[in-house]
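The values are calculated or read from the model by the stated rules, or taken from the named source; none is laboratory data. What you see is a predicted model; the values in this text were computed from it and never measured. No Cβ is skipped: glycine too gets one built from the backbone with ideal geometry, and neighbour counts run over all protein chains shown. SASA here: full protein model, heavy atoms, side chains in, ligands and nucleic acids out. Shrake-Rupley method; radii C 1.70, N 1.55, O 1.52, S 1.80 Å.
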Amino acid sequence: MIRTVAQIRNELADREAIRDCVYRYARAVDRCDEDLLRTVYWPDAIDTHLDFSGTVEELIKWAIPKLRAIDNVHLITNVLIQLEGAKAAVESYYSYIAYGSRLGRAGRDSMMVGRYLDRFERRNDEWRIAARLVVIDGFREYSDSGDWSVGPFGMPDVPRGSVRPGDYSYGWLGFR
C-alpha cells in the first residue's frame, strides 16, 4: 500500500517508535541484554524463530546462552511499516553474522540473511512486538574464524565488542 506524504507525516512518531523497537532487538541480542530484550516484546508475544517458538522469557532461555558462546552482530535494513490504527505489520530485512570464536575458543563463522515478519501492537502509547516470524532467505557457513591473537589487519589490541555489562557502550557511552 502506498502512503501519501500527509499520511506518513501523521504517522512519523509511530513509525519511529516501531523502528526504535526493531533496533533495540538487534542491540539486545548482540549484547545479550535480557532486560532490553524484554522491552521489545509484549509479555504475551510469541516469537517463531528458526527451530524455536515461544514467549519472550522462553526466547531468552533458548537464545541468550547460544549468543553468549559466540560473537555476533545483527544488521537491520529495509524496514517496511504498514500501520492500521494500534496495529502494524512490519517487515525488516536482517543480516546476521556469527563469529565462531569468543575469548580465544576456536570456531567457525556463519552468515544468514532474511526478514523479521512482525505484528506490532501499540498499548498504552508504546509499540512492541506481539508476534514474530523469522524467515531465512539465505545463509553461508565458513570452515574457520578470525584469529584474535593476530587481530583485524594485524592489530590484536583494538577495542573489541562484548556482551552486557562489559561492552564499551555501557561504560564509555553510559547506555543502560
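Points to keep in mind about this one:
- A straight chain from HIS49 to THR77 at 0.36 nm per residue would run longer than the Cα-Cα distance by 8.2 nm.
- Point-to-point label distance, ALA69-GLU91, nm (Cα→Cβ direction, 7 Å offset): 3.3 nm
- Fully extending the segment from PHE153 to ALA13 would add 46.2 nm, taking 0.36 nm per residue of separation and subtracting the current Cα-Cα distance.
- When the helices of the chain are scored as -39500 (n - 2.57) per DSSP H run of n ≥ 4 and the total is divided over every residue, the value at 222 nm lands at -8500 deg cm²/dmol.
- Cα long-axis angle, helix 5-30 against the chain (0 to 90 degrees, to the nearest 10): 30 degrees
- Phi to ³J(HN,Hα) by Karplus 6.51 cos²θ - 1.76 cosθ + 1.60 over region 152-168, Hz, x for Gly, Pro: x, 6, x, 10, x, 10, 7, x, 10, x, 8, 9, 5, x, x, 5, 4
- Between ARG108 and GLY100, the built amide H atoms are under 5 Å apart, and every one of these is 5 or more places off in sequence or on another chain.
- Apportionment of accessible area to carbon and sulfur, region 23-176, percent (1.4 Å): 56 percent
- For region 72-171, the per residue solvent-accessible surface stands at 60 Å², with DNA, RNA and ligands left out and a 1.4 Å probe.
- Taking a Cβ cut-off of under 9 Å around VAL79, the surrounding Lys, Arg, Asp and Glu residues balance to a net charge of +1, with basic ones at +1 and acidic ones at -1.
- Dipole-positive endmost among VAL79, PRO65, SER92 within region 62-136 (Cβ charges, Cα centre): PRO65
- In this simple spin-label model, placing a label point 7 Å from the Cα along the Cα-to-Cβ direction at both TYR168 and ASP35 gives a separation of 2.3 nm.
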